[in-house]
1. Restricting to segment 28-75, give me the number of residues that are over 11 Å from the mean Cα position of the chain (by Cα), of a type in the set (S, T, N, Q) and either closer than 13 Å to PRO11 by Cα or in a loop (DSSP other than H, G, I, E, B) (or both).
2. Of the conditions (1) modelled with pLDDT of 90 or more; (2) surrounded by fewer than 11 Cβ atoms within 10 Å (Cβ to Cβ), LYS30 fails just one. Which one is it?
3. Of everything in segment 5-23, what is in a loop (DSSP other than H, G, I, E, B), in contact (Cβ under 8 Å) with a residue 12 or more places away in the chain and either surrounded by 10 or more Cβ atoms within 10 Å (Cβ to Cβ) or not polar (S, T, N, Q) (or both)? Give them in sequence order.
4. Name the residue that is farthest from ARG62 (Cα to Cα), counting only residues in segment 20-51 that are polar (S, T, N, Q) and in contact with a strand residue (DSSP E or B) (Cβ under 7 Å, 6 or more places away or on another chain).
5. Just a yes or no: is a residue in segment 39-62 among the basic types (Lys, Arg), exposed (fewer than 10 other Cβ atoms within 10 Å of the Cβ) and modelled with pLDDT of 85 or more?
Amino acid sequence: MARGKDVINAPIVMVWKTSNRSNAVTKIKKFNGYHIDYVLSTHSKLPGVPEDAIILELGIGRKFYELWKKKYKLD
């Protein structure tokens, strides 16, 4: 992916589940150097995210990582 002027320095944070079941594992992932449109259009091909992942939250900024980590009780 070519880095153009539209790529910002803030990380993109994604919270996703492995399936739609209630006991599915919830995970959080931070992407640096990507544009949010790229993440939305190709979320099945991103490293560490399976094709059938269900995106719960998606945001831009470091604050979201700490906020959602606390909200979903991750780590």
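The values are calculated or read from the model by the stated rules, or taken from the named source; none is laboratory data. Predicted, not measured: the structure shown is a model, and the values here were computed from it. When we count neighbours, we look across all protein chains shown, and the Cβ atoms used for this are built from the backbone with ideal geometry, even at glycine.
1. Of the residues in segment 28-75, 1 are over 11 Å from the mean Cα position of the chain (by Cα), of a type in the set (S, T, N, Q) and either closer than 13 Å to PRO11 by Cα or in a loop (DSSP other than H, G, I, E, B) (or both).
2. So the condition that LYS30 fails would be (2).
3. Selection gives ASP6, VAL7, ILE8, ALA10, PRO11, THR18, SER19.
4. Checked segment 20-51; the qualifying residue farthest from ARG62 (Cα to Cα) is ASN20.
5. no
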